[in-house]
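A short reminder: the numbers here are calculations on the coordinates, not readings from a lab. All values derive from a computational prediction rather than experimental measurement. Note that we place each Cβ from the backbone using ideal geometry, even for glycine, and neighbour counts take in every protein chain shown.
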Amino acid sequence: MLVALVLQPLSGALAHHLFAASRSKTIVHVIHRWLGRGFLVLGAINGGLGLRLQQLYGKRVEYMLIPYVVVVVVVFVAWGVVLGWDARTKRGKETAKLESGSETEVVEKTVTLESASGTEVERTVVGAKEEGEV
């Protein structure tokens, strides 16, 4: 796990540096994400094995087992929600591409609309970047 503590932030910094330079994801970005997922699972296993090892040495770990399992479950559920949200937003951006298949940049804008009652409502709109737009 010590390797994970060193390798993950370094690969994240490198991925960010490369993304900032090219404005596109690189193989380092993909490696960083998969290493993070693997380290998360290995960390959960490592904690469970550590509790089991303490039990083998005669320590009482029953009072630590339930909180540990609760924390692991909460972390993995939160992880699943974030992955689901990420996939959902990417799917929405992909469907906003032009049907012609041309490479057009997809942008999100917040626009203010006026309702029939005269109140203003903000909405996020996803669409293709128009010519001359920055």
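Numbers below:
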item: Computed FRET value (nearest 0.05) for Leu14 with Leu40, which takes r as the C-beta separation and R₀ as 22 Å; result: 0.70
item: Three-way shape label, segment 1-99, alpha-carbon gyration tensor, a/c 1.5; result: oblate
item: Paramagnetic reach from Leu83 (point 7 Å along Cα→Cβ, amide N under 16 Å) across segment 46-76; result: 72-76
item: Computed label-point distance, nm, for sites Val30 and Lys59 using a 7 Å Cα→Cβ extension; result: 4.1 nm
